[in-house]
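The values are calculated or read from the model by the stated rules, or taken from the named source; none is laboratory data. Every value quoted in this text rests on a predicted model; they were computed, and no experiment measured them. Here the Cβ is made from the backbone with ideal geometry for all residues, glycine too, and neighbour counts use every protein chain on show. What goes into the accessible areas is simple: the full protein's heavy atoms, side chains included, and nothing from ligands, DNA or RNA. Shrake-Rupley method; radii C 1.70, N 1.55, O 1.52, S 1.80 Å.
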Amino acid sequence: MARTARVLDVDLATAALLHDLFARAEEADGVEAISEAFRLAVGPAREGVVHILRYAGDGTVVGYGQVAGAGTSAAGTAAVAELVVDPSHRRQGHGRALLEAVLADGAHSVWAHGLLPAADALARSAGLVMTRSLYRMARPLTADDAADPVMPAGFSVRAFEPGTDDETWVGLNAAAFASHPEQGRLTLEDLHERMAQPWFDPEGLLLVEDDETGRAVAFHWTKVDPAHPATPRPRLSDRRRNAAAAALRRDLADDGGRTGPPGEVYVVGVHPAYQGRGLGTPLTRLGLAHLARRGLAAVELYVDGDNAAARRTYERLGFVDVAVDGQYTRAGT
Ligand SMILES: CC(C)(COP(=O)(O)OP(=O)(O)OC[C@H]1O[C@@H](n2cnc3c(N)ncnc32)[C@H](O)[C@@H]1OP(=O)(O)O)[C@@H](O)C(=O)NCCC(=O)NCCS
């Protein structure tokens, strides 16, 4: 009889079996089921981490689930899970058993990396709803990108000045992201934390000012982080869907960091009073020009699936989807 075991630490031998299982699943699915932070937690006990092992009737480990952040918030809303079933043992009920176990252990939501149809069907059949999708988009940078775009009349561009522009930026960011759960709430302290990171470069945080008022009304913050994860390999199904985009994705993945980390469009924001005036595209190009001048070969960004306007802007600028993650949450919470 298949069974499920809940453990707080994973011994070395079991961890090795699990890492092999993760690799087989990645090979089959074209995407990592278990993200880096969860993989790193497979080992000795860690606060808030619960491991669920799934064994087939013959004792083979055929699946794994992990709850992270268990018991860290009063309402339990921070507890998230990831789970995976060995590709050669799917459609035998192991996924459902693992999902039930992580939910019983307090998981509030489950990540589905790659938004695979099987994950979608399983999550929905358990009554979960997709509450968020997050796209990673990328494109190569060329010599043509290095020239600054022409801004609409009446606007000028300058770099952020640490110590002078800090409060201005926090206010502008809060206005631009008033309806965004995380980004809009960044405080002066949060900004200073980021400014203290080795990757922070004030020259890469560009402010657009309204010449009439002298006030900053938009910004493009770029990031170049040597620790940036590699671009994922394209999935087989993608190759059939859009050959040009798939070729681009393959080139980006094949680079494997040889030309250095990609630059990142970290945050782009326009004050609501200035939205819809054609600032979005030149604002994005400004950051691309800065990154191209730094000699970077590619640029990436993360965007919420429900942000259709931003996704369209990036597509028009030649970005293609290289990865997508979905978060499924218990209904009614
Ligand atoms: C998603 C995953 C965990 C499913 O594991 P599994 O052991 O094959 O799932 P089960 O056999 O328990 O299937 C339970 C239900 O999910 C749905 N389902 C699972 N795979 C499916 C598929 N390929 N197509 C359509 N529905 C599917 C069905 O409703 C199924 O019930 P049924 O077999 O009675 O029709 C597995 O495909 C996997 O490891 N994927 C990669 C990791 C991942 O995406 N994790 C996120 C999970 S939310």
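At 222 nm, what value in deg cm²/dmol follows for the chain if DSSP H runs of at least 4 each add -39500 (n - 2.57) and the sum is divided by all its residues, to the nearest 500? Walk me through the numbers before you get to the answer.
Numbers: 10 runs with 104 residues, N = 333.
My calculation for the chain gives -9500 deg cm²/dmol from helical runs alone.
Using a 7 Å offset from the Cα along the Cα-to-Cβ direction at both Arg124 and Trp199, what is the distance between the two label points in nm, to one decimal?
3.5
Which of Asp145, Asp165, Asp251 moves the most in a Gaussian network model of the chain with Cα springs under 10 Å?
Result: Asp165 has the largest fluctuation of those listed.
Restricting to the chain, what percent of DSSP beta bridges are antiparallel, rounded to 5? Could the numbers behind the result be given before it?
Details: 57 of 62 bridges.
The answer is about 90 percent antiparallel.
Before I look further, what does region 3-126 give for accessible area per residue, probe 1.4 Å, in whole square angstrom?
On a per-residue basis, 48 Å².
Counting Lys and Arg as +1 and Asp and Glu as -1, what is the net charge of the other residues whose Cβ lies under 13 Å from the Cβ of Val50? Don't skip to the answer; put the middle values down first.
Numbers: positive: Arg6, Arg46; negative: Asp9, Glu47, Glu82, Asp105.
Once positives and negatives cancel, what remains is -2.
What shape does region 137-326 take by its C-alpha gyration tensor, where a ≥ b ≥ c are the square roots of the eigenvalues and a/c under 1.5 counts as rounded, a/b above b/c as prolate, and the rest as oblate?
On the way: a/c = 1.68, a/b = 1.59, b/c = 1.05.
Verdict is prolate for region 137-326.
Remind me, relative contact order of the chain in percent, using alpha carbon pairs under 8 angstrom and six or more residues apart?
Values: 613 pairs, mean separation 71.7, N = 333.
Relative contact order here is 22 percent.
Can you find, among Ala68, Ala297, Leu103, the residue farthest towards the positive end of the dipole of the chain? Put +1 on the C-beta of Lys and Arg, -1 on that of Asp and Glu.
Farthest towards the positive end: Leu103.
How big is the charge dipole of the chain about its Cα centre, in debye rounded to the nearest 20, if each Lys and Arg gets +1 on its Cβ and each Asp and Glu gets -1 on its Cβ? List each step's numbers first, then the result.
Numbers: 34 positive and 44 negative charges, 275 e Å.
My answer is approximately 1320 debye.
In the calculated pair distance distribution of the chain, what percentage of Cα-Cα distances lie above 25 Å?
Details: 32003 of 55278 pairs.
Pairs farther apart than 25 Å: 58 percent.
With a point put 7 Å past each Cα toward its Cβ, work out how far Ala175 is from Ala309 in nm, to one decimal.
Inter-label distance under the simple model: 1.5 nm.
Using a Gaussian network model of the chain whose springs link C-alpha atoms within less than 10 Å, name the residue from Leu18, Leu248, Leu191 with the highest mean-square fluctuation.
Its mean-square fluctuation being the largest, the pick is Leu191.
Taking 0.36 nm per residue of separation and subtracting the Cα-Cα distance, what length does fully extending Tyr302 through Thr142 add? Kindly include the intermediate steps, with their values, before the conclusion.
Details: separation 160, 0.36 × 160 = 57.60 nm, distance 2.05 nm.
My answer for the length gained is 55.6 nm.
Within the set of other residues whose C-beta is less than 12 Å from the C-beta of Leu288, count the net charge using Lys and Arg as +1 and Asp and Glu as -1.
Working: positive: Arg139, Arg285, Arg293, Arg294; negative: Asp144, Asp145, Asp148, Glu264, Glu300.
Neighbour charge sum, excluding Leu288 itself: -1.
Hey, could you get me the Stokes-Einstein D for region 3-126, Kirkwood radius over alpha-carbon pairs, 20 °C and 1.002 mPa s, rounded to whole µm² s⁻¹? Could you put the intermediate results ahead of the total?
Values: Rh = 14.3 Å.
The diffusion coefficient I find is 150 µm²/s.
Rounded to the nearest percent, how much of the accessible area of region 137-326 (1.4 Å probe, protein heavy atoms only) is carbon and sulfur?
Working: 4710 of 9520 Å².
After summing per-atom areas, the C and S share lands at 49 percent.
Could you work out the longest stretch of the chain that avoids the GluC sites (Glu not before Pro) located in DSSP loops with at most 16 other Cβ atoms within 10 Å? Could you put the intermediate results ahead of the total?
On the way: sites that count: Glu47, Glu182, Glu212.
Longest gap between qualifying sites, sites excluded: 48-181.
As an exercise, use a Förster radius of 41 Å and the Cβ-Cβ distance of Arg277 and Ala16 to find the FRET efficiency, rounded to the nearest 0.05.
Working: r = 57 Å, r/R0 = 1.38.
Efficiency at R0 = 41 Å is approximately 0.15.
Considering Cα pairs under 8 angstrom that are at least six residues apart, work out the relative contact order of region 184-224 and quote it in whole percent. List each step's numbers first, then the result.
Working: 32 pairs, mean separation 13.0, N = 41.
32 percent.
Label-point separation (nm) for Asp254 and Thr168, each offset 7 Å from Cα along Cα-to-Cβ?
My value for the distance between the label points is 4.5 nm.
Just Ala308, Ala153, Ala253 to compare: in a GNM of the chain, with alpha carbon springs under 10 Å, which one fluctuates most?
Ala153
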